[in-house]
Amino acid sequence: MRTQVGIVGAGPAGLLLSHLLHQRGIESVVLEVRSREQIESTIRAGVLEQGTMDLLIEAGVGARMRAEGALHHGFEFAFEGKRRRIDLTGLTGHSITVYAQHEVLKDLVAARVDAGAQLYFDVSDVSLHDLDTDHPSICYQHGGEQHTLQCDFVIGCDGSQGVSRKSIPQSLRKDYERVYPFSWFGILCEAPPSSDELIYARHERGFALISTRSPNVQRMYFQCDPHETVENWSDDRVWAELHARADSHDGRQIVDGKIFQKNIVGMRSFVTTTMRYGRLFLAGDAAHIVPPTGAKGLNLAVADVKILSAALRAFYQEGRADLLDHYAETALKRIWRAEHFSYWMTSMTHRRDDATPFEQQLQIAELEHVTTSRAAATALAENYVGVAAV
Ligand code: FAD
Ligand code: DHB
């Protein structure tokens, strides 16, 4: 089989890239190891920046997001028993939408299937070949048969555990990493929203985040030990922890309900600055990971794909390779900004067992500052909605 662009991975990066290329008259094939049901039901991120929403709408896959997503104009920090609002729209003129990642994936898969895309789920044994030539290929198993896909370019959109990044020789790679000594315990529950806006809580017991999915389903997280297991946490224990961390002294309490999903997510910052190797380009989590505190992971994947789709369009329609040559440099500016923001939001709001009382007071002083200084709040809000200068 032959195509112009071979895409490894049908996450947000791979599916959106395939869709944007199709709209620009460029052929692609997407290969995904999981099933359609799996990718459409895995619970992950929930916050879409304005730029992400605009791109999805422009690409014709934003109708359900507009109808069912919730537009948020601010969020709250909870600390020292009080709540302080960050007025995102007032400070930046932009807002965010809370719309689950798997709903974005359903919309993208439906659009790709409608367009007759070559999108293969349940593939296995994916390997990349001849990447440093102008005729790279992808070998894989599908339906019990071995296949080879010849292409002009291979785009690695296969997330942090995929095969693409590992296909770049280690000696050529420049990687940066930080592993955090805590994880997030996430729940989905049947309950009305606890608040009109998201709440990021800093508490001496640890961080908590109160988010939402719909008028009847809420998403909440709390910082836990990285060795923790879901089985250790009864529903009662989860609610006691969330109330302890996120209720405020003025009597505002989070609303609990029936928990129907629990999971634990590790926290890592990672960047490979080697986003290109010959005819292989990396996009999204394949190239970089952020801790979830700034809600940047999905948005960064979309930002990479926007740059890459424009560069591939310039290559095929104008015979220009310069945008592809500058892809990593262009994308890395935004990536490092988001890496710093996510690291900073994490450091300001999470408990560290080894933090001294002095360092704990610094966290509180910083939260006081960003919630009272208009200049500091504006810088935070610009990063959160995704319009900070890079
Ligand atoms: P992915 O979504 O990881 O997609 C990669 C795809 O490639 C997957 O479907 C995978 O099955 C497939 N794949 C892997 N290996 C191969 C292979 N060899 N061949 C073919 N296909 C392959 N971000 C937030 O902002 N907030 C959150 O709350 C949040 N929660 C998260 C929870 C979890 C458990 C994880 C893993 C991530 C979370 N993130 C969160 C991050 C966010 O979901 C990611 O940044 C986003 O999914 C990146 O999109 P992507 O397309 O680059 O990668
Ligand atoms: C959600 C996840 C985040 O990482 C975040 O910062 C805000 C919201 C969510 O899943 O709703």
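Bear in mind these aren't lab numbers, they're just calculated from the coordinates by the rules spelled out. All figures in this text were calculated on a predicted structure; none of them were measured in a lab. When we count neighbours, we look across all protein chains shown, and the Cβ atoms used for this are built from the backbone with ideal geometry, even at glycine.
Per-structure values
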{"read-out": "0 to 90° range, to nearest 10: angle between helix 297-318 axis and the chain longest Cα axis", "value": "30"}
{"read-out": "Per-residue Cβ neighbour rank within 10 angstrom, fewest leading, Glu32, Glu228", "value": "Glu228, Glu32"}
{"read-out": "Distant-in-sequence amide H partners of Thr212 (H built 1.01 Å from N, under 5 Å)", "value": "Arg219"}
{"read-out": "Loop sites in the range 264-349: trypsin sites (Lys or Arg not before Pro), DSSP, at most 12 other Cβ within 10 Å", "value": "none"}
{"read-out": "Student exercise, the range 1-154 dipole from Lys, Arg, Asp, Glu Cβ charges, in Debye to nearest 20", "value": "660"}
{"read-out": "Projected label distance in nm at Thr42 and Val390, using a 7 Å step from Cα toward the beta-carbon", "value": "2.3"}
{"read-out": "Helix 101-114 axis, angle to the chain major axis (alpha carbon atoms, nearest 10°)", "value": "30"}
{"read-out": "Helix 374-385 vs. the chain, principal-axis angle (Cα, 0 to 90°, nearest 10)", "value": "40"}
{"read-out": "Radius of gyration, Dmax [the range 5-123; alpha carbons; angstrom]", "value": "16.8, 55"}
{"read-out": "Scattering curve values for the chain, log₁₀ I(q)/I(0), Debye with Cα scatterers, q = 0.09, 0.11 Å⁻¹", "value": "-0.54, -0.80"}
{"read-out": "Order by protection proxy (mean Cβ within 10 Å, highest first), peptides 210-223, 62-75, 361-374", "value": "210-223, 62-75, 361-374"}
{"read-out": "Cα centroid separation, the range 113-149 to the range 305-323 (Å)", "value": "22"}
{"read-out": "Relative contact order (%) - criterion: Cα under 8 Å, at least six apart; region: the range 233-310", "value": "20"}
{"read-out": "Cα gyration tensor shape of the range 140-184, rounded if a/c is under 1.5, else prolate or oblate by comparing a/b with b/c", "value": "oblate"}
{"read-out": "Proximal lysines to Lys333, defined as alpha-carbon separation beneath 18 angstrom and excluding residues fewer than eight positions away on the same chain", "value": "Lys174, Lys296, Lys306"}
{"read-out": "Share of pairwise Cα separations in the range 100-190, more than 22 Å, in percent", "value": "50"}
{"read-out": "Directionally averaged projected area (convex hull, Cα atoms, the range 307-385), nm²", "value": "7.3"}
{"read-out": "Whole-number percent relative contact order across the chain, with pairs defined as alpha carbons under 8 Å at least 6 apart", "value": "20"}
{"read-out": "Anchor Lys258: aspartates and glutamates whose Cα lies under 12 Å away (excluding residues fewer than 8 positions away in-chain)", "value": "Glu190, Asp235, Asp236"}
{"read-out": "The chain - charge dipole about Cα centre, Lys and Arg +1 at Cβ, Asp and Glu -1, debye rounded to 20", "value": "420"}
{"read-out": "Percentage relative contact order, the range 292-390, counting C-alpha pairs under 8 Å, at least six apart", "value": "29"}
{"read-out": "Under 5 Å, built H, 5+ apart or other chain: amide partners of Lys82", "value": "His249"}
{"read-out": "Helix-only [θ]222 nm of the chain, DSSP H runs n ≥ 4, -39500 (n - 2.57) each, per residue, nearest 500", "value": "-11000 deg cm²/dmol"}
{"read-out": "From phi via Karplus (6.51, -1.76, 1.60), per-residue ³J(HN,Hα) for the range 243-258 in Hz, x at Gly/Pro", "value": "5, 4, 8, 10, 5, 9, 5, 7, x, 6, 10, 6, 9, 9, x, 6"}
{"read-out": "Relative compactness, the range 210-300, computed as alpha-carbon Rg over 2.2 N^0.38 Å", "value": "1.44"}
{"read-out": "Positive-pole candidate from Gln101, Gly186, Val61, dipole of the chain, charges at beta carbon", "value": "Val61"}
